[in-house]
Amino acid sequence: MSETQIPYKIYLSEDELPKAWYNLRADMKNKPAPLLHPGTLEPMTAGELEAVFCTELVRQELDNDTPFFEIPQEIRDFYKMYRPAPLVRAYCLEKALDTPAKIYYKFEGNNTSGSHKLNSAIAQAYYAKEQGLKGVTTETGAGQWGTALSMACGYLGLDCKVYMVKCSYDQKPFRREVMKVYGASVTPSPSETTNVGRKILAEFPGTTGSLGCAISEAVETAGAEPGYRYVLGSVLNQVMLHQSIIGLEAKAALDKYGVKPDIIIGCAGGGSNLGGLIAPFMGEKLRGEADYRFVAVEPVSCPSLTRGEYRYDFCDTGMVCPLAKMYTLGSSFIPSAGHAGGLRFHGMSPTLSQLYADGYMEAISVQQTSVFAAAEEFARVEGILPAPESSHAILAAVNEAKRCKETGEAKTILFGLTGTGYFDLLAYEKFHNGEMTDTVPTEEAIAQSLARLPKV
Ligand SMILES: *Cc1c(COP(=O)(O)O)cnc(C)c1O
């Protein structure tokens, strides 16, 4: 098929949409390591996990063997409101870069929450409703996950309690109000509503909170209130399963035109969008059917894959959650206050960690000033105002395309554009005012945090 026949946007028709999520773990020889109980350090049993998470989600979390999980009809109907997400051939960006490379991106920002997180939020809320629960609790930092979950719960008529890190609650009033539009209750964390919140407030009056503390409050509330469970927006196997919709759609769209990517790039925070985007392609690689280069892009200020260690660690600063074996900087690691680009989780999805350890994936880290420069370059030619997180992938894709210009190779690049940046304009403002700096954590800072990892 000739080049010009590939449209600027490749859409799938309703009957071409995926009907099942793909479980990449089914094709992995080395499975991701099991979650451990924070008290006993023994693998978490289904029963123990069900005290915190919904029953069906626990089943999905622990299943390393079933390759496909049917997407329930009600979730597929919800997906139809904002999916398929467009797969865009970045003709304008290619032209601006004067590169022989062919660049495609999968755009996940076409919904009110502004990111891919809604793909898993609706699934998790659906299973909570199916189980007859009253509601779910969660934490949110910058607010994307809380917004996505509020939308899903609002749609299904489920109560949604969000603990929002206090400084974000104060500094990001728009996100907070969007969550309220969808009927969620939003509590600044730490709060007086939980034991752990009261304890932290007594110890550190005036604290502006942290994600670790908000997680602890959300988990405590889910345990204390009958009919509630806790839900999490990244890192877990179940979240990667739901996010496989990104890769399945992207692959179906490319297959329609006989396009095979050489390089697949995604930003990596907890790993859910990258894991979802690469899933069906990585499956082919693991089964020996095709080969691709996979690149995870993380900030230099929070470099879990590139500078962390592959060890068991807590998923939260409060150390109440199960331990996961993952590339980690240590749960006490806190990125520099000057870091504005998101992707600030200290660890990485256990599934992606295992794949990286086994050499199936590459990882690079990039500086935030270059990330924002790439974001603007992209916005000006492709129109979309990208989220800072997504812009890590943009930068890496642009750099690959520039290398193609030097070597004359016409490689095909696919990257994940995870969301929009309308709520990140304070970070853009910093960039414009020349107030943005690049901070690289010192060896000592990382070593200090790693020294505090649990001994497993
Ligand atoms: C949350 C988020 C990310 C990072 O999360 P992952 O779990 O690593 O995908 C990336 N981009 C956007 C827009 C997000 O909201």
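For the condition assigned to a loop (DSSP other than H, G, I, E, B) and under 16 Å from the mean Cα position of the chain (by Cα), what is the one hit in Leu352, Leu343, Leu305? Reasoning before the result, please.
Details: Leu352 fails: assigned to a loop (DSSP other than H, G, I, E, B); Leu305 fails: assigned to a loop (DSSP other than H, G, I, E, B).
When all the criteria are applied, what remains is Leu343.
Taking the criterion of being outside any loop (DSSP other than H, G, I, E, B) and over 18 Å from the mean Cα position of the chain (by Cα), the residues of the range 13-29 that qualify are Glu14, Asp15, Glu16, Ala20, Ala26, Asp27. In the range 129-146, of all residues being within 21 Å of the chain's Cα centre (by Cα) and more than 16 Å from the ligand (Cβ to nearest atom), the one that is farthest from Gly342 (Cα to Cα) corresponds to Val136. Within the option set Cys160, Cys153, being under 23 Å from Thr418 (Cα atoms), away from the ligand (no atom under 16 Å from the Cβ) and crowded, with 22+ Cβ neighbours inside 10 Å holds for one residue only, Cys153. In the range 264-279, the residues that are among the hydrophobic types (A, V, I, L, M, F, W, C) reach residues that are within 6 Å of the ligand (Cβ to nearest atom) and assigned to a loop (DSSP other than H, G, I, E, B) with C-beta atoms within less than 7 angstrom, at least six apart or across chains, in these pairs: Cys267/Leu343; Cys267/Thr418; Ala268/Leu343; Leu274/Ala268.
Hey, among Tyr105, Tyr126, Tyr155, which residue is outside any helix (DSSP H, G or I) and either without any contact (Cβ under 8 Å) to a residue 12 or more places away in the chain or aromatic (Phe, Trp, Tyr) (or both)?
Values: Tyr126 fails: outside any helix (DSSP H, G or I); Tyr155 fails: outside any helix (DSSP H, G or I).
That would be Tyr105, the only listed residue that is outside any helix (DSSP H, G or I) and either without any contact (Cβ under 8 Å) to a residue 12 or more places away in the chain or aromatic (Phe, Trp, Tyr) (or both).
For the range 347-364, the set of residues classified as over 16 Å from Asn64 (Cβ atoms), within 14 Å of the ligand (Cβ to nearest atom) and not aliphatic (A, V, I, L, M) consists of Gly347, Tyr356, listed by residue number.
Can you find even one residue in the range 16-27 that is exposed (fewer than 11 other Cβ atoms within 10 Å of the Cβ) and either touching a Gly at 6+ places or on another chain (Cβ under 6 Å) or not hydroxyl-bearing (Ser, Thr, Tyr) (or both)?
Narrowing the range 16-27 to residues exposed (fewer than 11 other Cβ atoms within 10 Å of the Cβ): none.
Taking every residue of the range 16-27 in turn, none turns out to be exposed (fewer than 11 other Cβ atoms within 10 Å of the Cβ) and either touching a Gly at 6+ places or on another chain (Cβ under 6 Å) or not hydroxyl-bearing (Ser, Thr, Tyr) (or both).
Taking Thr99, is it away from the ligand (no atom under 12 Å from the Cβ) and either part of a helix (DSSP H, G or I) or in contact with a Ser or Thr (Cβ under 7 Å, 6 or more places away or on another chain) (or both)?
On the way: away from the ligand (no atom under 12 Å from the Cβ): yes; either part of a helix (DSSP H, G or I) or in contact with a Ser or Thr (Cβ under 7 Å, 6 or more places away or on another chain) (or both): no.
For Thr99, the condition - away from the ligand (no atom under 12 Å from the Cβ) and either part of a helix (DSSP H, G or I) or in contact with a Ser or Thr (Cβ under 7 Å, 6 or more places away or on another chain) (or both) - is not met.
Name the residue that is nearest to Asp262 (Cα to Cα), counting only residues in the range 391-424 that are within 16 Å of the ligand (Cβ to nearest atom) and in contact with a Cys (Cβ under 6 Å, 6 or more places away or on another chain). Walk me through it before giving the result.
Narrowing the range 391-424 to residues within 16 Å of the ligand (Cβ to nearest atom): 391-397, 414-424.
Filter once more, keeping what is in contact with a Cys (Cβ under 6 Å, 6 or more places away or on another chain): 392-393.
Working: His392: 19, Ala393: 15 Å.
Looking at the filtered set, the residue picked out is Ala393.
So, of the residues in the range 263-278 that are under 15 Å from Tyr104 (Cβ atoms) and of a type outside the set (Gly, Ala, Ser), which turns out to be farthest from the ligand (Cβ to nearest atom)?
Applying the first criterion (under 15 Å from Tyr104 (Cβ atoms)) to the range 263-278 yields 263-266, 277-278.
Retained after the next criterion (residues that are of a type outside the set (Gly, Ala, Ser)): 263-265, 277-278.
Values: Ile263: 18, Ile264: 14, Ile265: 13, Leu277: 9, Ile278: 12 Å.
Once the filter is applied, the top-ranked residue is Ile263.
Say whether the condition of being crowded, with 22+ Cβ neighbours inside 10 Å, assigned to a loop (DSSP other than H, G, I, E, B), small (Gly, Ala, Ser) and at pLDDT below 95 is met by at least one residue in the range 211-222. No, the range 211-222 has no match at all. From the list Lys260, Lys251, Lys256, the lone residue that is more than 16 Å from the ligand (Cβ to nearest atom) and buried (at least 22 other Cβ atoms within 10 Å of the Cβ) is Lys251.
The values are calculated or read from the model by the stated rules, or taken from the named source; none is laboratory data. Predicted model, so just to flag it, every value in this text is computed and none were measured. We place every Cβ from the backbone using ideal geometry, glycine too, and count neighbours over all the protein chains shown.
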